[in-house]
Amino acid sequence: MMPYLRHLLVLVVCLDSFGECRNKHNTRERRWTGPVETQKHGTSLAKKPPDVTKSRRLKTEQLLKVDDHDFTMRPAFAGPAIPVGVDVQVESLDSISEVDMDFTMTLYLRHYWKDERLSFASSTNKSMTFDGRLVKKIWVPDVFFVHSKRSFIHDTTTENIMLRVFPDGHVLYSLRVTVTAACNMDFSRFPLDSQTCSLELESYAYTDEDLMLYWKSGDESLSIDEKISLSQFLIQKFHTTSRLAFYSSTGWYNRLYINFTLRRHIFFFLLQTYFPATLMVMLSWVSFWIDRRAVPARVSLGITTVLTMSTIITGVNASMPRVSYIKAVDIYLWVSFVFVFLSVLEYAAVNYLTTVQERRERKLRERAREQSLPCTCGMSHTRSMMLDGTYSEADTNSLAGYTEAPMVPEEVVPEKREHMVVHLSVSNESSTTKKKGIRGLRIIQNTHAIDKYSRMIFPGAYIIFNIIYWSVYC
C-alpha cells in the first residue's frame, strides 16, 4: 500500500511542475507579441498611427513600386517635356592652367523633378532618403558637362550620391562632382588680363521636346563658398545663364551655363618678370660711364645683360601656351631686350670710331714725316721739332713722336751738340680748310660725346616707353 501512495505523490508533484512551466511560457509570449500599453504617472500614452515609411516589413522596391514600372523611360513618356530644375553649390575652384587652357572645379550638383511613379502613401508626409544604390534602379536626368576633359563622382567613403523621394513623387538627386573643363583664354593682355570661363550643363539624350532643363531659382541657384580663393587670380563674379544649343544631327537642347570672371594678380609678375627686366636694362646703362678703352669690362657687361634678358624671356614663355599672337609681357620684355642690345651696339660704334680716329692720327703723323725737310739722320738720339705756329692744333697733337722746342738760331747752338731742325710751313688757306673739316666731324670722332648723349637718350626713351605701356594696359 505504501509504495502505491509514494508513486501517486510523485506523479502529482510532476504535474504541478509542468503546469507552472507552461504558465511562464505563455507569459513570455505575451510579453513579446502582445500590445504595449504602459502607464506613467497615471496618464496613458496615445497610440501612434503606423507610418509605412518606418515599417520594417516593406522593402524599398515594394514601397516605391520600382518593380511595377519601366524606369528606362522618362516620366510622362510620349507627353510634354519633363521640367528638371538644377542648382549648384561650388565647393572649390581648384586650379587654373594657362598651358592646358582649362580649370578644375568641385561642386554639388542637384536635380529636381517629379516622377509620379515613385509616389507613396505617408500619413506624416515625410520624405525618404536613399544612397546611390537606388539610383541605378530608377530614372534620373542624363546631365553631362559640355567641353569637359575629366570628371568623376567622389566615392570616399562611399559614393557621394543622395536621393530624396517625397510622397507626392518629387525627387531630389544630389551628387558631389569634380570636373576639369576647357576654357578659351585670351592672353593678349597677359599678365594684366581678365579671363571669363564657363561650365556648361546639358542633357545628353533628351532634346528640349523631352526634357526642359532650367535653373531652379534663377541667379540664386548658384551658391559659392566665401572661402574660395586662388593664388594667381581674384574671383570677381559668378553668374548663371541659359540658352538653346543646336546640333545638326540630333536637334535642340537646353544648356545651362555657370560663368565666372577671374582677374590675375599682377604682383607676382612684377617681382618675377618686370622688375628683373627693368634692372637688366638699367644695368646695361652702366657701360656708358665706363672708359671706352676698358674693352673687357664693357663687352662682358653687355653680353651678361643680353643673356640674362634671354633667360627671362625663355622662362616666361615656358609657362605659357604657344599662342600665335603677341602678349603684353612679350612687348615689355622684347623692348627691354632691344634696349640692352642697343647698349652693346653703342659700345661697338664707340670702339669702331675710336679705331678710325687712331687710324686718322697715324696717317697724319706719316704725312707730317713726308712733308718734312731733308735732314741728317742718326746724328743724335735727341730730336727737336721747330714749329712756326702756322700748323693746326689737331696736326700738332698728332705729332706724338716729337717734342716741341723754342725757335732758336742755328748760330746759338753749340757746335758739338748734334741736333736736327725741321721747319714745317703750311699755308693759312690749307690750315683753315682742315679746321672746318675737323669741327664738322668733331661729334662723330669724339667718342666721349656718344657716351654722353647715350646717358640721356637711353633712360629718357625707356621712361617714355614705360609711361605709354602702363597707361595702355592698366
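The values are calculated or read from the model by the stated rules, or taken from the named source; none is laboratory data. Computed from a predicted model, the values in this text were never measured in an experiment. Glycine gets a Cβ as well: all are built from the backbone with ideal geometry, and neighbour counts include every protein chain shown. Ligands, DNA and RNA are stripped out before the accessible areas are found, and what is left, the full protein with its side chains, is counted by its heavy atoms. Shrake-Rupley method; radii C 1.70, N 1.55, O 1.52, S 1.80 Å.
Among the conditions (1) open to solvent by less than 10 Å² (accessible area, probe 1.4 Å); (2) closer than 19 Å to Met73 by Cα; (3) at pLDDT below 95, the only one that Phe187 does not satisfy is (2).
For segment 85-125, a residue qualifies if it is part of a loop (DSSP other than H, G, I, E, B) and farther than 20 Å from Met162 by Cβ, and the qualifying residues are Glu98, Val99, Asp100, Met101, Ala121, Ser123, Thr124. Taking the criterion of being in contact (Cβ under 8 Å) with a residue 12 or more places away in the chain, under 20 Å from Ala182 (Cβ atoms) and in contact with a Cys (Cβ under 7 Å, 6 or more places away or on another chain), would at least one residue in segment 224-231 satisfy it? No - not one qualifying residue is present in segment 224-231. Of the set (1) open to solvent by 30 Å² or more (accessible area, probe 1.4 Å); (2) at pLDDT 95 or above, all apply to Ile224 but (2).
Of everything in segment 90-116 that is at pLDDT 95 or above and among the polar types (S, T, N, Q), the residue that is farthest from Asn317 (Cα to Cα) is Thr106.
Taking the criterion of being open to solvent by 100 Å² or more (accessible area, probe 1.4 Å) and touching a helix residue (DSSP H, G or I) at 6+ places or on another chain (Cβ under 9 Å), the residues of segment 353-362 that qualify are Arg360, Arg362. Whenever a residue of segment 163-185 is on the phi < 0 side of the Ramachandran plot, its partners that are in a loop (DSSP other than H, G, I, E, B) and among the aromatic types (Phe, Trp, Tyr), lying with C-beta atoms within less than 7 angstrom and at least six residues away or across chains, give the pairs Pro167/Phe120. Comparison of Phe288, Phe269, Phe275 shows that the only residue that is within 32 Å of the chain's Cα centre (by Cα), under 30 Å from Asp330 (Cα atoms), at pLDDT below 95 and in a helix (DSSP H, G or I) is Phe269.
Somewhere in segment 126-138, is a residue at negative phi, surrounded by fewer than 17 Cβ atoms within 10 Å (Cβ to Cβ), assigned to a strand (DSSP E or B) and basic (Lys, Arg)? No - not one qualifying residue is present in segment 126-138. The set of residues in segment 105-157 being more than 12 Å from Leu175 (Cβ to Cβ), out of contact with any Lys or Arg (no Cβ under 6 Å at 6 or more places or on another chain) and polar (S, T, N, Q) consists of Ser119, Ser122, Ser123, Thr124, Asn125, Ser148, Thr156, Thr157.
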